[in-house]
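So the structure is just underneath, and the comments pick up after that.
The values are calculated or read from the model by the stated rules, or taken from the named source; none is laboratory data. Keep in mind that what you see is a predicted model, and the values were worked out from it rather than measured. Note that we place each Cβ from the backbone using ideal geometry, even for glycine, and neighbour counts take in every protein chain shown. For accessibility, only protein heavy atoms count, side chains too; no ligands or nucleic acids. Shrake-Rupley method; radii C 1.70, N 1.55, O 1.52, S 1.80 Å.
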Amino acid sequence: EYIYKDSNNIRQSYATNGYEHNNNDKEIATTNGETRYILGVKNNTTIYTLLNSLKSDNSLINICDNNGNDIYCGIIVKGFVPEYIGNQVIGTGWYIEFYDMFNKKKVIEKVYISVLGDVNGDGRISASDVMYIRAIANDKNLYDSLDTEVKLACMILNKGSVTSVDSEILLNIMSYKLTIDIFY
């Protein structure tokens, strides 16, 4: 589902607040003059799962990782996805480009991915995410420099700021004392 950060720095979902993508969401998706649409995806989501869940009038897409590398270029439903690509896990900072069907070089929309708890962009919750969140919690300039999808991935407790509590929650998730699902 599409997500955004509200004026109180709280993670919100479109569905909960009556927003529809490309209908009434431009204002909530714009920060400092940049419009950035963000899709909230659960950790360990594969490209297969993402492709099967996308609902778009346009089926020509490109999926790129958080370094801008092309991972999948194709047509939804009719495109063949090799297993080694389809089984890849999607991470925070990855993005989907939707192309004009008549001008296959023209990107008509770009949607970024945010995976709650995955700050490093590998799609999984790990010790490196815990350490990164600790650094972010202690450095406001670092937090301010992050893209919105990464900020949303950090906001585990979702109380308006990133704190060491967010990293402790991830530790408890890694040790199976908690599940990330309760924080969505």
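Points worth noting:
- Tensor-based shape of the stretch 96-167 (alpha-carbon gyration tensor, a/c under 1.5 rounded, otherwise prolate or oblate): prolate
- Using only side-chain charges placed at the Cβ, +1 for Lys and Arg and -1 for Asp and Glu, the dipole size of the stretch 58-141 relative to its Cα centre rounds to 200 debye.
- From its DSSP helices (H runs of at least four residues, each -39,500 (n - 2.57)), the chain gives a residue-normalised ellipticity at 222 nm of -6500 deg cm²/dmol.
- Accessible surface ranking that places the most exposed of T16, T179, T45 first, with a 1.4 angstrom probe: T16, T179, T45
- Whole-Å distance, taken between Cα centres, linking the stretch 115-184 and the stretch 1-32: 20 Å
- Remark: the Cα gyration tensor places the stretch 132-184 in the prolate category, a/c being 1.5 or greater and a/b exceeding b/c.
- Sequence-ordered 3J(HN,Hα) estimates for the stretch 19-25 from the Karplus curve with 6.51, -1.76 and 1.60 and θ = phi - 60° stand at 9, 10, 4, 6, 10, 9, 10 Hz, glycine and proline given as x.
- Rounded to the nearest 20 debye, dipole of the stretch 1-50 from Cβ charges on Lys, Arg, Asp, Glu: 180 debye
- Placing +1 on the Cβ of every Lys and Arg and -1 on the Cβ of every Asp and Glu, with nothing else charged, gives the chain a dipole about its Cα centre of roughly 80 debye.
- The loop-placed chymotrypsin sites (Phe, Trp or Tyr not before Pro) in the stretch 96-176, going by DSSP, that have at most 15 neighbouring Cβ atoms within 10 Å of their Cβ come out as F102, Y176.
- Relative to the dominant Cα principal axis of the chain, helix 164-174 is inclined by about 70°.
- Peptides 117-130, 21-34 ranked from most to least packed give 117-130, 21-34, packing being the mean of other C-beta atoms within 10 angstrom over each peptide's residues.
- The largest accessible area among T49, T163 belongs to the first residue in T49, T163, and the rest follow in falling order (1.4 Å probe, all chains).
- In the stretch 75-152, a dipole from Cβ-located charges (positive for Lys and Arg, negative for Asp and Glu) runs towards its positive end, and of T148, N120, M101 it is M101 whose Cα lies farthest in that direction.
- Nearest 10 degrees, 0 to 90: helix 127-137 Cα axis against the chain principal axis: 70 degrees
- Among K140, K110, the order of accessible area from largest down is K140, K110, computed with a 1.4 Å probe on protein heavy atoms.
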